[in-house]
Amino acid sequence: PSLQFPAQLNCATELLDRHVAEGRGDRLCLQAEGMRWTYAELQAHANRIANVLVKDMGLVPGNRVLLRSANNPMLVACWFAVMKAGGIAVATMPLLRAKELTQMAVKGEVTHALCDARLAEELKRAQPSCPLLTQIRYFNGTPADGLEAAMATHPATFDNVDTASDDTCILAFTSGTTGEPKGTMHFHRDVMAICACWPPHILRPTPDDIFIGSPPLAFTFGLGGLVLFPMSVGASAVLLEKASPPDLLAAVQRYGATVLFTAPTSYRVLAQQADALRGSTLRKCVSAGEALPAATRALWKQATGIELIDGIGATEMLHIFISADEAHARPGATGKAIPGYVARVVDEAGEPVPANTVGKLAVKGPTGCRYLADVRQKQYVKNGWNLTGDAYLVDDEGYFHYQSRTDDMIISSGYNIASPEVEDALLLHPQVAECGVIGVADAERGQIVKAFVVLRPGAEPTEAMVTELQEFVKANVAPYKYPRAIEFRSTLPRTETGKLQRFRLRDKP
Ligand code: 3UK
């Protein structure tokens, strides 16, 4: 990919205005419940909001703007308005509470906010603790007398700020499971770099594709998959405020979606609706956020005939850096470093380890980790390599196989056991809907493997089932990895981004 960017670059000019300037303004850009916007309509909305930000709210380039909304077209218009005005978008997950919003606003020195009126309450509770945050406008309210009323007083034209390609435009907070949220900074050129690397080489979308998916736009997986990537090729996206598996399935059918982005657990649930999925319009399905179990890949292929595209990405890296297209998919492997990136597996000293040896994943490319004022920068980036905190091995053919988060390795009687490997084995059992595996302290063995299992409807959580599952795992992986303890649950704790929260299983054993 060409990763040479001019000194001055504004990603809104490239991803939005360029389409209108080149005569594609009438093409469909965004759809949502009762809404269809062309590229020209999105541009007009973004321009009016940019005028409100600059002329009414006093925004100057470099100001940080908190965005708070479920996935909908106004959120996208707000995001582009911030880019156009040379601001920095601080997108936040809809489920966050005042406490977390305060942490992010204070740490991010946020001065402005654009917020969906239906999510106003927590932001209003946060504002008194955020002295710099003085300018807030609400949208999507009834009546639409907030941001929309202000927009109506401004023209639908705006001269984008002539930003430098290495001006920060995104401050993305990690969906971190523990500790203070970490803010990661990304430049205008980083946005263009992720559009130049993964989509043309792995996804290969066309301008007629209709993208759909569940990840919030505040999660960079969602921002890329549902806004940046479709717009980079002039395609369109469907935005869903609610994207549980049934909502997603209904929307795929209703809108004739062709490219789906969601997390492994969601694919697992969706695959049960094989009837509804057969002969659907879907042609490309992307999984990221956590490891894709081989059993889930197989279920999806059975239900739809489609080979999933797996990819590991991170907020620190902005998007996906190891992946494989359908033709190169290997069950149990994430893929190889995508064009533009290099990846390797290293030991504690940062030296590459031999093939088939577990070590730490190290990656570099056009994007990388820039924590906002955080001492953990030195742990994530060493000698120019980004250490993602994942344990991986590379096989003889150069494919990267995910093992676990480095701090999720279970050590039992001297054996290293990766939680996802045990989870994968359990998921092959027809009665297992979901599961999570952790290590729990044990006097004799140091740690033992414990599994939390959600059974499929109709299956009984009995002692006999415990034994059956234990024997099943022993038959599928090295017997010492079998879960000595199994507890049945009705649900498992997950983040808004679909990640299993193993630490919460550990807290409440
Ligand atoms: C894990 C995976 C195995 C891995 C993300 C795509 O997930 C994203 O970003 P986060 O900052 O988390 C990063 C961590 O999540 N992970 C993600 N994808 C996979 N593990 N296989 C995968 N396919 O531990 C990684 O270090 O929330 C994913 C695009 C953008 C993103 N921000």
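The values are calculated or read from the model by the stated rules, or taken from the named source; none is laboratory data. Everything numeric here is computed off the predicted structure, so don't read it as measured data. As a convention, Cβ positions derive from the backbone with ideal geometry for all residues, glycine included, and neighbour counts pool all protein chains shown. Accessible surface areas use protein heavy atoms only, side chains included; no ligands, DNA or RNA. Shrake-Rupley method; radii C 1.70, N 1.55, O 1.52, S 1.80 Å.
Kirkwood-based Rg over Rh for segment 11-196 (C-alpha set), two decimals? Rg/Rh: 0.95. To test your reading of the geometry: what angle, between 0 and 90 degrees and rounded to tens, separates the Cα axis of helix 73-84 from the longest principal axis of the chain? Approximately 70 degrees, to the nearest ten. So what's the angle, to the nearest 10 degrees on a 0 to 90 scale, between helix 463-476 and the longest Cα principal axis of the chain? Long axis of 463-476 versus the principal axis of the chain: about 90 degrees. The distance linking segment 52-78 with segment 284-349 is 33 Å (Cα centroid to Cα centroid, whole angstrom). In order along segment 377-385, phi translates into HN-Hα couplings of 3, 5, 7, 7, 10, 10, 6, x, 9 Hz, rounded to whole numbers, per the Karplus curve 6.51 cos²θ - 1.76 cosθ + 1.60 with θ = phi - 60° and x for Gly and Pro. The value of relative contact order for segment 11-196, using C-alpha pairs under 8 Å at least six residues apart, is 22 percent.
Over segment 413-507, one equal point on each Cα, no solvent: what is log10 I(q)/I(0) by the Debye formula at q = 0.15, 0.22, 0.24 Å⁻¹? Calculated log10 I(q)/I(0) at the listed q: -0.55, -1.17, -1.35.
For the chain, what percent of Cα pairs sit more than 32 Å apart?
So the portion of pairs separated by more than 32 Å is 42 percent.
With a cut-off of 9 Å between beta carbons, the residues surrounding Ala113 carry a summed charge of +2, where Lys and Arg count +1 and Asp and Glu -1. Carbon-plus-sulfur accessible fraction, the chain (probe radius 1.4 Å, protein heavy atoms only): 52%. With 0.36 nm allotted per residue and the present C-alpha distance subtracted, the Ala144-Ile411 stretch has 90.4 nm of extension available. Computed over segment 375-429, the Cα gyration tensor eigenvalues convert (square root of 5λ each) into semi-axes of 25, 16, 11 Å, ordered from largest to smallest. Helix 98-107 axis versus longest C-alpha principal axis of the chain: approximately 70°, rounded to the nearest ten. Under the combined filter of DSSP loop state and at most 15 neighbouring Cβ atoms within 10 Å, segment 402-503 retains these GluC sites (Glu not before Pro): Glu444, Glu496.
Leaving out ligands and nucleic acids, note down the accessible area per residue over segment 95-202 with a 1.4 angstrom probe, in whole Å².
Each residue of segment 95-202 exposes 44 Å² on average to a 1.4 Å probe.
With K and R counted +1 and D and E -1, the other residues having a Cβ less than 14 Å from that of Pro339 yield a net charge of +2. Amide hydrogen proximity for Gln8: with H placed 1.01 Å from N in the peptide plane, the residues at 5 or more positions away or on another chain lying under 5 Å are Ser165. Residues Val252, Val381, Val375 ordered from highest to lowest accessible area at a 1.4 Å probe: Val375, Val381, Val252. Taking the Cβ of Ala196 as the centre, find all other residues whose Cβ is under 11 Å away and add up their charges (Lys, Arg: +1; Asp, Glu: -1). Spelling it out: positives minus negatives among the neighbours equals -1. Solvent exposure of segment 413-507 amounts to 46 Å² per residue of accessible area, where only protein heavy atoms count and the probe is 1.4 Å.
For Asn63, the residues 5 or more places off, or on other chains, whose built amide H falls under 5 Å of its own are Ile88. Relative to the current alpha-carbon distance between Leu3 and Glu33, full extension at 0.36 nm per residue lengthens the span by 7.1 nm.
Of Lys242/Lys301; Lys336/Lys360; Lys284/Lys364; Lys124/Lys499; Lys99/Lys182, which sit over 18 Å apart, Cα to Cα? Result: Lys242/Lys301; Lys284/Lys364; Lys124/Lys499 exceed 18 Å.
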